[in-house]
There are 4 protein chains.
Amino acid sequence: MTVSRGFASDNASGVHSDILAAIADANPGHVHAYGDDPWTRRAEGLFRREFGPDVHVFFVFNGTGANVTALQALMRTYEYAICPATAHIYQDECGAPERFTGGKLSPVKTPDGKLTPALIEGSIEGVGFEHHSQPRVVSITQSSEYGTVYARDELALIAEAAAKHELRLHVDGARLANAAASLGCSLAEACAGADAVSFGGTKNGALCAEAVVFLDPGLAEGFKYIRKQSAQLASKMRYIAAQFVALLEDGLWLRNAAHANEMAALLAREASKVAGLRITQPTQANEVFAVLPHDAIAPLKAEFDFYMWDEAADEVRWVTSWDTTEEDVADFVDGIARAVGNA
Amino acid sequence: MTVSRGFASDNASGVHSDILAAIADANPGHVHAYGDDPWTRRAEGLFRREFGPDVHVFFVFNGTGANVTALQALMRTYEYAICPATAHIYQDECGAPERFTGGKLSPVKTPDGKLTPALIEGSIEGVGFEHHSQPRVVSITQSSEYGTVYARDELALIAEAAAKHELRLHVDGARLANAAASLGCSLAEACAGADAVSFGGTKNGALCAEAVVFLDPGLAEGFKYIRKQSAQLASKMRYIAAQFVALLEDGLWLRNAAHANEMAALLAREASKVAGLRITQPTQANEVFAVLPHDAIAPLKAEFDFYMWDEAADEVRWVTSWDTTEEDVADFVDGIARAVGNA
Amino acid sequence: MTVSRGFASDNASGVHSDILAAIADANPGHVHAYGDDPWTRRAEGLFRREFGPDVHVFFVFNGTGANVTALQALMRTYEYAICPATAHIYQDECGAPERFTGGKLSPVKTPDGKLTPALIEGSIEGVGFEHHSQPRVVSITQSSEYGTVYARDELALIAEAAAKHELRLHVDGARLANAAASLGCSLAEACAGADAVSFGGTKNGALCAEAVVFLDPGLAEGFKYIRKQSAQLASKMRYIAAQFVALLEDGLWLRNAAHANEMAALLAREASKVAGLRITQPTQANEVFAVLPHDAIAPLKAEFDFYMWDEAADEVRWVTSWDTTEEDVADFVDGIARAVGNA
Amino acid sequence: MTVSRGFASDNASGVHSDILAAIADANPGHVHAYGDDPWTRRAEGLFRREFGPDVHVFFVFNGTGANVTALQALMRTYEYAICPATAHIYQDECGAPERFTGGKLSPVKTPDGKLTPALIEGSIEGVGFEHHSQPRVVSITQSSEYGTVYARDELALIAEAAAKHELRLHVDGARLANAAASLGCSLAEACAGADAVSFGGTKNGALCAEAVVFLDPGLAEGFKYIRKQSAQLASKMRYIAAQFVALLEDGLWLRNAAHANEMAALLAREASKVAGLRITQPTQANEVFAVLPHDAIAPLKAEFDFYMWDEAADEVRWVTSWDTTEEDVADFVDGIARAVGNA
């Protein structure tokens, strides 16, 4: 009843066996609902270990839930968040961020899915002018929707620009693990300077586990009500917490992310050898973007699962996952070569 | 690391082993995310089997998520929903229904958590008067927050009253299974006449599985966008679907609910023998409400887990679950007798 | 094309000639739009004179606009405001306060439209409990929807109770002038202890002039954006400001309010002499509430304009205005006597 | 206490004497509040005369109020409106449209403030894809924020494109009168094909008078509640209605708009003779856009009132009004010549 492993998305993959085991471990007996339980305490402790002793962490159901609750804590209805035009919050959440915050998003065109201080400063408009929504948040995605990664010095410059203009920095870290693996740094370093992070477990091998991490703990005030009112408070919280325990306790997050990144690097390396195919973005995390001959796309899609990124440009997106194998990649590259060769 | 089985809530209990097994079964390989997968298809089919061939069903994360998305489909911002003052949507969701719908709730005092046609009609105000929010929805909870159950003829009268006044009927069915088990009827019969139902799996032995069922399929138009915009669309949907497959495929929902109900009946029967204790509501599902001597409460809470319902009245709530045992009940009744005896 | 002066509402009356004159005076030439003009400066100065040197004032279009913008400044989406069940914000604004704030209102039954410390404290629920909306605001109406007035010591006790529970105090002062006239005190004294006031000019003889006054100036931070985003910023602001100049500069507000109050007192005094009629509320401002014989109501309404207050109780509401004359009252009392006599 | 007539905006000008007279005429006696009065009936009749016998019209306070209530009637929370990036609703309403509708705006870059079928079609994205907000509305401004006017055939093509893609057409007609005067057509013709129009009186010589006109009357269902809940229902409605009576009854709207347009044409013609100044947009209504030598701007602003449009480009906006005189224009052109000559 399942399709084989493809390259559609890292949420098409299943759950790592260690995470399923952790869920089963958490199962016996009764515990208090809504997070007043030992698994939640333990997972919270692991977040403090990873992100810093003063952070506040709140578990939620999904990435959109993390983003919209975090943004509610960061901005008011008459404020706006600057983000890349490719940001998940702008493109892929059906208007949820605007709906939940009551505010606006200001999308910025970028070549590679990444903001820069200059792009941020170019998006600051109407400060103090009551007719215009006020800038309050910068939201970046690490690793980005283009599979690119902010280097640590790039992050530092963004944080500096945000601070200079009294903007808060939100990091959509649905794939923060992939960024940290790519940078060879800690999770905290991969989002250094952020005020709040949407941290993703689901794409990294979990079943359903996302978190909002407040690196500025003052911003967490009242957040438990925001989470509840936003319908993001799980009753059987222990099962979300257990997934994070499995991911964080002994480095599963890093093994999963590093493996996915390696498979993407392998895919990019091998695919780029196919004549007529062009890799369009640096492969820094677990996503590969490529332009194919138009007539190669349909046959390739008939055999393998992946998404078009830009129909007009014949650009496709290939995503690797924690469970992608070298054989999966080899088969896929063979398929690509065949499809391109026949096109 | 867990507390023993108490009587705090049916979401303090764990996950039934068949449901954990179904999650594991759903795990191998890749499937499309967001519900375009065989497990979701199968679970949807089971909902059509239970609720009728034309219903539309959408899976969400939690009960509040089910309620707020369903209500968005049923009412506009300038409309209101009539509900018991004890309704979860009014008392226990931190204002989420008002926030998501933009509308109002009109709470009605009831003796037993149940609306009646007369109570509904008494809450219809300001029709056609632009200064007043307009009545559009009746929301009832089956079984109710007081552990009472609408009989099938009571339901029919409510549906009739709603139709007469052009009100839509929403059923918060977080414990619909307990109601059906209590009534000895099907799930569909336990909410007959509803336009939309929030159907709960979590309190009935699941990990995280709730659904919005549109019995009037016309109301489902656009609902997929409402679900996404409300941050209630799971990426790895197969795992929610698999839980419903396990619950619905061969009657696990009924076995779990019937067992919980029996344990509540046993508890009510035995506890009522304790002199000085008064059961305050008919025990028709899996909840027992009792008034205890004031001085008995603290000692009992020191030993067993449960919630105060009404501090001023010394009224407590005891909830049984799918995994409550006769021995749990016997131990608890012993404890109650001791506490009351010493009080 | 107009109906004669009736007793329907103080917004059925026209505009005082001094206010029309002020509008004409403000007309020549160009001024900056949106409040950056000399009339607005002058009106703001008059508000500081009346309410205190540190208050911040913002002009808006109507009473609902004043209430919903003020409440946005006072509460967050997960908070609630305690108000009488008869409050305009609860009964007569089509759900606008909930919609604009995203929060809840908690209505309290009162005998006379007035909250008390005990009623406020009885409405504080679920503090710190994330499932429950949090208490943040007390909203009272001065004078109340029942034409009653909070005495100055009653106000002080309410302010004290609010402060004790860290609640902010909002005063819906659509008829604050009538309250001050009734109490023989200043406008500031009539709402002493409030954090924010919705101050009404329209019912007091203006054309369209309401204001939000922040007695706690810290709460005004960001309010200019709230006003604009709530569509309550007038472009030709000078004409709203000019109305307030006319009302406040030399006591027109007091003359208008005192006159309306006197006419209500006269009406209550004379009407109470009619056998079979009962005045149901103390007549402390410009509204009279009475119970009439059922069969007297329709004939009386055929001759004079007024509203039913409570159909079931045969209770009516009669409102006097700045332009009500003694003759109007005498004619109306004659009509009442006739209708009741014939009933 | 006033500044002399400048070129800042048509809402810097005062109120036409006929409109002040109409307000005074409407003043005597009592009428029902909230629009149940003869002046409102009469103004509604005039709108039906101008826009068609089946239109529904609702009066509101200001342009933002008209836009946000109209858009609520046209779209749901998960939908978006396509508009020029220069649209007032996108740039100048502090996020009010997003806040009131819960939906998104999709801004489109244009050379002249005007959408085209191609621009509209290029903004239709993600149809049927639940992750993406759905296209539902096209909003155009007639005359545009650049002082340009959609020709009647351009309008027809836009209406056709909107219909083809099942999009509703909203016209922000804050300056619809100027467009009709420019086109030499009726108000109805100047917005032909629209489903709903925000019709402005304030910039055309009124004090505070805007209207939402539903050309598709089915869209007006429930709108009276939307208006009230959005705090846009005036209590003393007769005074808004009277302004529209004065504007529409005998063509004052056209005389005012035509005069403002003529003054803009004169200003553009004369200013374009100044060497070193470039008119950047066709002057089709009552706004002139020009690029000046950088060093001319500050001296000119020291003498005359107007706004910068684009700081980076040294582009300014000059707006004429119903009360601008030929002498005002001549003085201003002299000032421009001086400032540019000295720069």
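Quick check for me: using +1 on Lys/Arg Cβ and -1 on Asp/Glu Cβ, what's the dipole size of the protein assembly as shown about its Cα centre, in debye to the nearest 20?
Values: 112 positive and 180 negative charges, 0 e Å.
The dipole magnitude comes to about 0 debye.
Using the beta-carbon distance between D:A85 and B:A85 and R0 = 56 Å, what value does 1/(1 + (r/R0)^6) give for FRET efficiency, to the nearest 0.05?
Details: r = 49 Å, r/R0 = 0.87.
Calculated transfer efficiency: 0.70.
From the Cα gyration tensor of the protein assembly as shown, with a ≥ b ≥ c the square roots of its eigenvalues, which class applies: rounded if a/c is under 1.5, or else prolate if a/b is larger than b/c, or else oblate? If you can, show how the numbers build up before the last one.
Numbers: a/c = 1.98, a/b = 1.17, b/c = 1.69.
Oblate is the answer for the protein assembly as shown, as a/c is 1.5 or above yet b/c matches or exceeds a/b.
Shortest first and in nm with one decimal, please list how far the B:D54 label point sits from its counterparts in the other copies (point 7 Å along Cα→Cβ).
3.0, 6.1, 6.6
Points 7 angstrom from Cα along the Cβ direction at B:E311 and C:E311: gap in nanometres?
4.1 nm
Relative to the other copies, what are the label-point distances for D:E221, with labels 7 Å from Cα along the C-beta vector, expressed in nm at one decimal and sorted shortest first?
The answer, with the shortest distance listed first, is 0.9, 4.7, 4.7 nm.
Show me, for region B:196-205, the HN-Hα J-couplings you get by feeding each phi into the Karplus relation (A = 6.51, B = -1.76, C = 1.60, θ = phi - 60°), rounded to Hz, glycine and proline as x.
With coefficients 6.51, -1.76 and 1.60, one gets 8, 10, 8, 9, x, x, 4, 6, 9, x Hz.
In percent, what relative contact order does chain C have, based on Cα pairs under 8 Å that are 6 or more apart in sequence?
Values: 703 pairs, mean separation 79.2, N = 343.
It comes to 23 percent, rounded to a whole number.
Of C:A43, C:P84, C:S106, which is farthest along the charge dipole of region C:10-129 in the positive direction, counting Lys and Arg as +1 and Asp and Glu as -1 at C-beta?
It is C:S106, whose Cα lies furthest towards the positive end.
Quick one: which residues, 5 or more positions from B:Q134 or on another chain, have an amide H under 5 Å from its amide H? H modelled 1.01 Å from N in the peptide plane, none for Pro or chain starts.
It is B:E79, B:Y80, by chain and number.
Output the DSSP H helices from chain D with an along-axis C-alpha extent of no less than 27 Å and a mean Kyte-Doolittle hydropathy no less than 0.0. The partial results should precede the final answer.
Details: long enough: D:252-271 (28 Å, 0.13).
Qualifying helices: D:252-271.
Treat every Asp and Glu Cβ in region A:252-342 as -1 and every Lys and Arg Cβ as +1, leave all other atoms uncharged, and give the resulting dipole magnitude about the Cα centre to the nearest 20 debye. The partial results should precede the final answer.
Numbers: 7 positive and 16 negative charges, 55 e Å.
Computed charge dipole of region A:252-342: roughly 260 debye.
Viscosity 1.002 mPa s, temperature 20 °C: what is the translational diffusion coefficient of chain C from Stokes-Einstein with a Kirkwood Rh over Cα pairs, rounded to a whole number of µm²/s? Intermediate values should be presented prior to the final figure.
Numbers: Rh = 20.6 Å.
The calculation lands on 104 µm²/s.
Give the long-range amide H neighbours of C:R168: residues separated by 5 or more places, or on another chain, with amide H under 5 Å away, using H modelled in the peptide plane at 1.01 Å from N.
C:V137, C:V138
For chain C, what does the helix formula give at 222 nm: sum of -39500 (n - 2.57) over DSSP H segments with n ≥ 4, over the residue count, nearest 500 deg cm²/dmol? It would help to have the intermediate numbers written out before the result.
On the way: 14 runs with 141 residues, N = 343.
About -12000 deg cm²/dmol.
According to a simple spin-label model (label point 7 Å from Cα along Cα-to-Cβ), what is the distance in nm between A:R338 and A:F129?
Here the modelled spin labels are 5.8 nm apart.
Looking at chain B as a GNM with Cα springs under 10 Å, which of B:I120, B:I82, B:I240 has the largest mean-square fluctuation?
The residue that fluctuates most here is B:I120.
Which of the three applies to region B:201-343, rounded, prolate or oblate, going by the alpha-carbon gyration tensor with a ≥ b ≥ c and a/c under 1.5 meaning rounded?
Details: a/c = 2.80, a/b = 2.20, b/c = 1.27.
Note, shape of region B:201-343 comes out prolate.
Distance in nm between label sites at D:A118 and B:R41, each 7 Å beyond Cα in the beta-carbon direction?
So the two model labels end up 4.3 nm from each other.
Each residue of region C:218-224 in order: what ³J(HN,Hα) in whole Hz does its phi give by Karplus 6.51 cos²θ - 1.76 cosθ + 1.60, θ = phi - 60°, with x for Gly and Pro?
x, 6, 7, 4, x, 5, 4
Give the relative contact order (percent, whole number) for region B:36-131; include only Cα pairs under 8 Å separated by 6+ residues. Mind dumping the intermediate values first?
Numbers: 86 pairs, mean separation 21.6, N = 96.
RCO, region B:36-131: 22 percent.
Any idea what the dipole of chain D comes to, in debye rounded to 20, about its Cα centre with Lys/Arg Cβ at +1 and Asp/Glu Cβ at -1? Present the calculation step by step, with values, prior to reporting the outcome.
Numbers: 28 positive and 45 negative charges, 140 e Å.
In total the dipole reaches around 680 debye.
Taken together, the values in this text are just the output of simple stated rules run on the coordinates, not laboratory data. The structure displayed is predicted, hence computed values, not measured ones. Positions of Cβ are backbone-derived with ideal geometry, glycine not excepted, and every protein chain shown enters the neighbour counts.
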